[in-house]
Amino acid sequence: AIYEKGCKMCHASGMAGAPKVGDKAAWKDRIAKGVPELEKNAINGFQGTAGKMPPRGGNPDLTDTEIARAIVYMANQSGANFQEPAAAAPAKK
């Protein structure tokens, strides 16, 4: 759901140099770095020679878990075999 609501805008079109979901060549080096590095870049933002990623994908309301789950979803669609992080427990009332 996070991918559809936010990530898709850039990661389906390649906007701002974002690697397109399903493009194994574009994701290969990113996947090799592992989820922690991808998560760090997505949370803090990243600016490289191939493109840029705004902090939290431009949505400050996303939790770290939501970001990690979106990363794993996109990477797995692009050749990775990462384990999906557990969903965060619902807030207690």
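What is the residue count in the range 35-47 for residues that are touching a residue at least 12 places away in the same chain (Cβ under 8 Å) and out of contact with any helix residue (DSSP H, G or I) (no Cβ under 7 Å at 6 or more places or on another chain)?
1
Identify all residues within the range 23-59 that are open to solvent by 90 Å² or more (accessible area, probe 1.4 Å) and not in a strand (DSSP E or B); write none if there are none.
Lys24, Lys28, Asp29, Lys33, Pro36, Lys40, Asn44, Thr49
Only residues that are in contact (Cβ under 8 Å) with a residue 40 or more places away in the chain, over 13 Å from Cys7 (Cα atoms) and open to solvent by 90 Å² or more (accessible area, probe 1.4 Å): list them for the range 60-93, please.
Result: Gln77, single match.
The values are calculated or read from the model by the stated rules, or taken from the named source; none is laboratory data. As the structure is a prediction and not an experimental result, all values here were calculated from the model. Cβ: placed from backbone, ideal geometry, glycine included. Neighbour counts: every protein chain shown. The area values use the complete protein model at the heavy-atom level, side chains included, leaving out ligands, DNA and RNA. Shrake-Rupley method; radii C 1.70, N 1.55, O 1.52, S 1.80 Å.
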